[in-house]
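Worksheet: one structure, shown below.
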Amino acid sequence: MVERFQQDRTERVFLLSLKAGGTGLNLTAASNVIHYDLWWNPAVEAQATDRAYRIGQQRNVQVHRLITRATFEERINAMIQGKRELADLTVGTGERWIGQLDNAELKELFALH
């Protein structure tokens, strides 16, 4: 199926769950990635997105995230965004950042809402 999607331009849609699409695939024929399911770990989503961003990709890739309003998905999405921001802080600035946070900020970062 992957080979057919990659080679045959009449195959325009390849539907995968986030976890299935996040491991060991190269999907450079894709120009749009649509995330329709959420995962607790933002790295899982990033890895799935990266399946389209591979050597051999010759087009711009658009990434879309579908989140249903007024549902539990919004809360999960907020938590994912917080985790992503925390990861960006730790990777981007080393370990000094944690000493610069006040108690309220630390509670907010690590709280399960």
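Only one of (1) crowded, with 16+ Cβ neighbours inside 10 Å; (2) of a type in the set (S, T, N, Q); (3) out of contact with any Phe, Trp or Tyr (no Cβ under 9 Å at 6 or more places or on another chain) is not met by Thr28, so which one is it?
(3)
Which one of these is surrounded by fewer than 14 Cβ atoms within 10 Å (Cβ to Cβ), polar (S, T, N, Q), without any contact (Cβ under 8 Å) to a residue 60 or more places away in the chain and touching a strand residue (DSSP E or B) at 6+ places or on another chain (Cβ under 6 Å): Gln62, Gln7, Gln58? Please lay out each step first, then the result.
Working: Gln7 fails: touching a strand residue (DSSP E or B) at 6+ places or on another chain (Cβ under 6 Å); Gln58 fails: touching a strand residue (DSSP E or B) at 6+ places or on another chain (Cβ under 6 Å).
Of Gln62, Gln7, Gln58, the one residue that is surrounded by fewer than 14 Cβ atoms within 10 Å (Cβ to Cβ), polar (S, T, N, Q), without any contact (Cβ under 8 Å) to a residue 60 or more places away in the chain and touching a strand residue (DSSP E or B) at 6+ places or on another chain (Cβ under 6 Å) is Gln62.
Note down all Cβ pairs under 8 Å where the first residue falls in the range 22-51 and is within 25 Å of Leu112 (Cα to Cα), the second is of a type in the set (Phe, Trp, Tyr), and they're at least six residues apart or on different chains.
Pairs that qualify, where the first residue is within 25 Å of Leu112 (Cα to Cα) and the partner is of a type in the set (Phe, Trp, Tyr), are Glu45/Trp39.
Scan the range 6-13 and tell me whether some residue there is more than 30 Å from Leu112 (Cβ to Cβ), out of contact with any Lys or Arg (no Cβ under 6 Å at 6 or more places or on another chain) and part of a helix (DSSP H, G or I). It would help to see each step written out before you state the result.
Keep residues of the range 6-13 that are more than 30 Å from Leu112 (Cβ to Cβ), which gives 6-13.
The next check asks that each one be out of contact with any Lys or Arg (no Cβ under 6 Å at 6 or more places or on another chain); those that pass are 6-10, 12-13.
Narrowing further to those that are part of a helix (DSSP H, G or I): 6-7.
Scanning the range 6-13 turns up at least one residue that is more than 30 Å from Leu112 (Cβ to Cβ), out of contact with any Lys or Arg (no Cβ under 6 Å at 6 or more places or on another chain) and part of a helix (DSSP H, G or I).
Restricting attention to the range 4-32, which residues are modelled with pLDDT under 90 and among the charged types (D, E, K, R)?
Asp8, Arg9, Glu11, Arg12, Lys19
Applying the selection to the range 38-71, what residues are assigned to a loop (DSSP other than H, G, I, E, B) and closer than 15 Å to Gly21 by Cβ? Don't jump to the end; show me each part of the working.
Initially, the range 38-71 is screened for residues assigned to a loop (DSSP other than H, G, I, E, B), giving 38-41, 50-61, 66-71.
Once the filter is applied, which keeps residues that are assigned to a loop (DSSP other than H, G, I, E, B) and closer than 15 Å to Gly21 by Cβ, the range 38-71 yields Leu38, Trp39, Asn41, Asp50, Arg51, Ala52, Tyr53, Arg54, Val61, Leu66.
In this structure, does Arg75 turn out to be within 19 Å of Leu18 (Cβ to Cβ), at pLDDT 80 or above and in contact with a His (Cβ under 7 Å, 6 or more places away or on another chain)? Steps first, answer last, please.
Numbers: within 19 Å of Leu18 (Cβ to Cβ): yes; at pLDDT 80 or above: yes; in contact with a His (Cβ under 7 Å, 6 or more places away or on another chain): yes.
Yes, satisfied.
Kindly establish whether Leu38 is modelled with pLDDT of 85 or more, under 30 Å from Leu101 (Cα atoms) and either of a type outside the set (A, V, I, L, M, F, W, C) or touching a helix residue (DSSP H, G or I) at 6+ places or on another chain (Cβ under 8 Å) (or both).
On the way: modelled with pLDDT of 85 or more: yes; under 30 Å from Leu101 (Cα atoms): yes; either of a type outside the set (A, V, I, L, M, F, W, C) or touching a helix residue (DSSP H, G or I) at 6+ places or on another chain (Cβ under 8 Å) (or both): yes.
Here the answer is yes, as Leu38 does meet what is asked.
The values are calculated or read from the model by the stated rules, or taken from the named source; none is laboratory data. Predicted model only: the values in this text are computed from it and were never measured. Backbone-built Cβ (ideal geometry, glycine too); neighbour counts: all protein chains shown.
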